[in-house]
Structure formats: C-alpha cells, structure tokens
Amino acid sequence: PQVKAFVTQDIPFYHNLEMKHLPGADPELVLLSLRYEELERIPLSDMTQEEINQLVQELGFYRKETPDAPVPEEFQFAPAKSLPILRPPEAPTADGKTPPKHDKEEHPDL
C-alpha cells in the first residue's frame, strides 16, 4: 500500500521518474544511465511512502512544486551526474613523439 501511494501521489512531482507496471513483479526502483543502461535496482516493497520519497531525493531526483511546474535548466538531466570533461588529444612533444597514453585503470570513470 505504501508503494502504491508513492506511485499515485508522488511520482507526478518528480522529474525523470517514470512508473512501469509489470504484473506480478515486486516493486523496485531501476536506475538507468543516460544511455538507458541499467545501473542499479533497489527493492521498494518494505519501504514506507516517506522512505521512498527520501530515497529518490537523496538520489538527486528533482521534485517539482506541482506536477506541471517547469524544471530549472540545471535539473533537466537530474539525477544524472555531469559527464567528466575530456581533455583534448595531446600534441606531439618537441622531439616529435606523442606522450604516452594513460592506462584505463588510472581513470576508471572514462
């Protein structure tokens, strides 16, 4: 009953939060990347409506004043984290050699 109350009463206030009903499935919050790749699943069955609201706000979902209120520009892609700034390719050094590339292990976020 708590999840149903969240779905019917609260989801319309959150930007970038959608409900997909799957008959027979336990309710869970599925977090997706900007490319719609699954990042995490969080079970909601044992949570209260208040706990679910707190969770989605902690995750960075923007809650509007009213369901049809505009969303500020800085929250259009919320809760997505901004992408890391990529450095331009390095120019060859004075001796004509390109500096060595960094190992991917050094930057796991790229």
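With all distinct Cα pairs included, what does the Kirkwood hydrodynamic radius of the range 2-75 come out to in Å, to one decimal, could you say? Hydrodynamic radius (Kirkwood, Cα pairs) of the range 2-75 is 13.2 Å. Rolling a 1.4 angstrom probe over the protein heavy atoms with all chains in place gives the range 2-75 an accessible area of 74 Å² per residue. Computed extension length for Glu73-Leu59: 3.2 nm, one decimal, from 0.36 nm per residue of separation with the Cα-Cα distance subtracted.
The values are calculated or read from the model by the stated rules, or taken from the named source; none is laboratory data. Here the structure is a predicted model, which is why all the values come from computation and not from measurement. For accessibility, only protein heavy atoms count, side chains too; no ligands or nucleic acids. Shrake-Rupley method; radii C 1.70, N 1.55, O 1.52, S 1.80 Å.
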